[in-house]
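**Student:** Got a structure for you, written out below as structure tokens; questions coming shortly.
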Amino acid sequence: MHDCHPQPATQLPQGQTIAVMGSAFNPPTLGHADVIAQLDAVADAIWLVPAFAHAWGKAMAPYGDRCAMLDAFVADLHNPKVSVQAVEQDIAGDGPVYSIDLLDYLERHKPANSCLLLVLGPDNQAAFDQFHRAADIQSRWACFFAQERLAVRSTALRAALLAGESIDGFTTPGVARYLADHSLYRAG
């Protein structure tokens, strides 16, 4: 049984470790990049999974736009460990995709001799007991709770865009270009 608490690399399961970082990525920010930097030392691969239908009903930009921004974000990171796994549309059905559903799906499709590591930020750490089937997640997968070392959130980026302010320091150049070329998160 794995503890769902921050774990140093020496306590992670044997074999290739795949960090699974699900998020709305609405849009991806430098805060997300900092979480990825934290994972670099403990994971052999980092899978970014954009939410298709948010479990808590969060309003999001269209899925295609968020996937395109995430592709630009990953390209800007220049980290061969990081990839986009846009799989939630394959498992969504008519409702939200819960973390356990995503992990079950990825467990069936991951490379042999590898293990999944669920990545959660500080907000989700505080709310983990509210996750659908949290105890089942804890019993089957290790969790990594990232620290908020860089307080750059998607909410603040969207607010800056809405106010017509600069988004320098919020995201990567590729995402900034995508946002400049599209009317996401702007009034009217």
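The values are calculated or read from the model by the stated rules, or taken from the named source; none is laboratory data. Just so it is clear, the model here is predicted, and its values are computed rather than measured. We place every Cβ from the backbone using ideal geometry, glycine too, and count neighbours over all the protein chains shown. These accessible areas exclude ligands, DNA and RNA; they are computed on the full protein's heavy atoms, side chains included. Shrake-Rupley method; radii C 1.70, N 1.55, O 1.52, S 1.80 Å.
**Student:** Taking amide hydrogens as modeled 1.01 Å from N in the peptide plane, which residues meet the under 5 Å criterion relative to GLY22, leaving out close sequence neighbours?
**Tutor:** Amide H neighbours of GLY22, under 5 Å, 5+ apart: VAL49, VAL119.
**Student:** Now for a separate question. Where does helix 99-109 land angle-wise versus the long Cα axis of the chain, in degrees 0 to 90, nearest 10?
**Tutor:** 70 degrees
**Student:** Now a separate question. In terms of the Cα gyration tensor, with a ≥ b ≥ c the square roots of its eigenvalues, is the stretch 9-112 rounded because a/c is under 1.5, prolate because a/b exceeds b/c, or oblate?
**Tutor:** oblate
**Student:** Taking the Cα centre of the chain as origin and charging only Cβ (+1 Lys, Arg; -1 Asp, Glu), how large is the dipole, in debye to the nearest 20?
**Tutor:** Dipole of the chain, to the nearest 20 debye: 100 debye.
**Student:** Let me ask something additional. Heavy-atom accessible area per residue, the stretch 34-188, 1.4 Å probe: how many Å²?
**Tutor:** Result: 50 Å² of accessible area for each residue.
**Student:** Helix 30-39 versus the longest principal axis of the chain: what angle, 0 to 90°, nearest 10, using Cα atoms?
**Tutor:** With rounding to tens, the tilt is 20 degrees.
**Student:** Taking the Cα centre of the stretch 52-179 as the origin and placing charges on Cβ (Lys, Arg +1; Asp, Glu -1), which of PHE131, LEU116, LEU106 is farthest toward the positive end of the dipole?
**Tutor:** LEU116
**Student:** Same structure again: Please return the longest range in the chain lying between exposed loop sites, taking trypsin sites (Lys or Arg not before Pro), DSSP loop only, at most 12 other beta-carbon atoms within 10 Å, and leaving the sites out.
**Tutor:** Longest run free of exposed loop sites: 59-148.
**Student:** How long are the three semi-axes of the equivalent ellipsoid for the chain, computed from the Cα gyration tensor as the root of 5 times each eigenvalue, in whole Å, largest first?
**Tutor:** 27, 18, 15
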